[in-house]
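The values are calculated or read from the model by the stated rules, or taken from the named source; none is laboratory data. As the structure is a prediction and not an experimental result, all values here were calculated from the model. Cβ atoms come from the backbone with ideal geometry, glycine included; neighbour counts cover every protein chain shown. For accessibility, only protein heavy atoms count, side chains too; no ligands or nucleic acids. Shrake-Rupley method; radii C 1.70, N 1.55, O 1.52, S 1.80 Å.
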Amino acid sequence: MTDQLASQLATITGKVHASERLSFDEGLFLENEVDTLTLGQLANFVRERKNGNYTFYNTNIHLNPTNVCVYRCRFCAFRSDLRDEKSYEFTDEMIRQRVLEAKSAGATEIHVVGGLHHLKKFEWYVNIIRVIRETWPDIHIKAWTPVEIQWFSYMTKQSIRWVLEQMIDAGLQSMPGGGAEIFDQKVREQICEHKADAGVWFETHREAHNLGLRSNATMLYGHVERAEHRIDHLCRLRELQDETGGFQTFIPLAFHPENTELDHVVKPSGMADLRTIAVSRLMLDNFDHIKAYWIMLGEQTAQIAQAFGADDIDGTVVHELIYHDAGAKTPEGLTVTQLHRLIQEAGRIPMERDTLYRKVVRNGHEWTVTDPIVVA
Ligand code: V47
């Protein structure tokens, strides 16, 4: 490293230690000039300042009500046409069964996202939330991305706020972070031309936060985007977080190319995964949590990620399809004992949280939650 680069790194290190915000240019510098172990050391400093030695996980289950989708995102292996052999849709009875399975597995959260089915009306989607809520009133429902919310708004000719209010009325309690991909419009045109753009994504999360919902944010990396697009993505997220404070966790999602139109792309390496997690931790100074989603990273990288800025590894994740259709080789779910091992072997203390980051205390099949876990 030249003297000039070393001096830039020293400035950034000083800012990180003083909890000062890094600029777009400093983000690019981290991406382009700083070695992986130095990035990890800096990100780990922030991670421990915010969350100590804890790594969070939750007990959750996924429900993807249909894979039929009007969109053809080039990175997606999950979607299906109605006539394809693999197309499916959930009935009320299937939803009830999934919820009862969640109940017997002790899940605190159900994560619901799926395709935009051209033959289903808004009421079909509201009913999914209602059936979950009626089947088990205690489970936290985290559902829909801005892509779905905009589709519902288009179908009903009502505002995004109205759509969210109907969903909240039916039982929706928070929103996952999907649909964000990369916010840059030129990149979106190459990977998901027709889908809701960055403006819609932010408008939906802003409305959700204003209505009292918490939500997550994601970034899909390792396809056609470049470093400046990733840093721009992170800077845009922290702007909305400054305004609303409604985001809980950020999840960088590594692209899985198998069975997609982008199957010529080489999957991001373990080093790229660790660097992206570390840079995200450093840029998103106003996010409490960074999640290393073990399903897509693999269990080994998720373990190491806990020393590169991540303080959460998601959950038991039973019935995940989006990554597994795209070639993820991870198991379709992990037990709590396996999650504990992943965390403890990384030298961290496992803490079960609910969706809103309250500590979960279990007593046999019963569970209660404490106040939100305080972070720095
Ligand atoms: O938006 C789709 C991504 C997202 C592929 O909020 C792909 O807690 C890689 O958002 N390779 C949906 N990624 C999943 C998601 C999520 C996951 C876990 C936790 C949370 C949370 C949210 O999955 C999509 C897209 O960015 N995706 N296909 C693929 N082939």
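A few notes on this one:
- Per-q log10 I(q)/I(0), the chain, q = 0.09, 0.11, 0.15 Å⁻¹ (Debye; single scatterer per alpha-carbon; no solvent): -0.48, -0.74, -1.46
- Segment E20-H365, length gained on full extension (0.36 nm per residue, minus Cα span): 119.8 nm
- GNM top mover of N259, N363, N64 - the chain, alpha-carbon springs below 10 Å: N363
- Between the listed residues I313, V361, N216, the Cα displaced farthest toward the positive end of the dipole of the chain, a dipole computed from Cβ unit charges relative to the Cα centre, is found at V361.
- Solvent-accessible area of the chain (1.4 angstrom probe, protein heavy atoms only): carbon and sulfur portion equals 50 percent.
- Helix-only [θ]222 nm of the chain, DSSP H runs n ≥ 4, -39500 (n - 2.57) each, per residue, nearest 500: -13500 deg cm²/dmol
- When cysteine pairs in the chain are screened for C-beta atoms closer than 4.7 angstrom, the residues that find no partner are C69, C235.
- Using alpha-carbon coordinates, inclination of helix 160-170 to the longest axis of the chain, degrees: 60
- Cα centre as origin, Lys/Arg/Asp/Glu Cβ charges: the chain dipole, Debye: 480
- Alpha-carbon centroid distance for the pair region 98-160 / region 3-54, whole angstrom: 39
- Nearby lysines by direct alpha-carbon distance to K142 (threshold 18 angstrom, same-chain neighbours under 8 apart not counted): K103, K291, K359
- Span from the region 227-301 Cα centroid across to the region 191-214 one, whole angstrom: 17
- Cα long-axis angle, helix 227-244 against the chain (0 to 90 degrees, to the nearest 10): 70
- Helix 198-210 and the long axis of the chain differ in direction by around 80°, with both axes built from C-alpha atoms.
- Of all lysines in the structure, those lying under 16 Å Cα to Cα from K157, and not within fewer than 8 positions of it along the same chain, are K120, K121.
- Relative to the current alpha-carbon distance between I168 and K186, full extension at 0.36 nm per residue lengthens the span by 3.1 nm.
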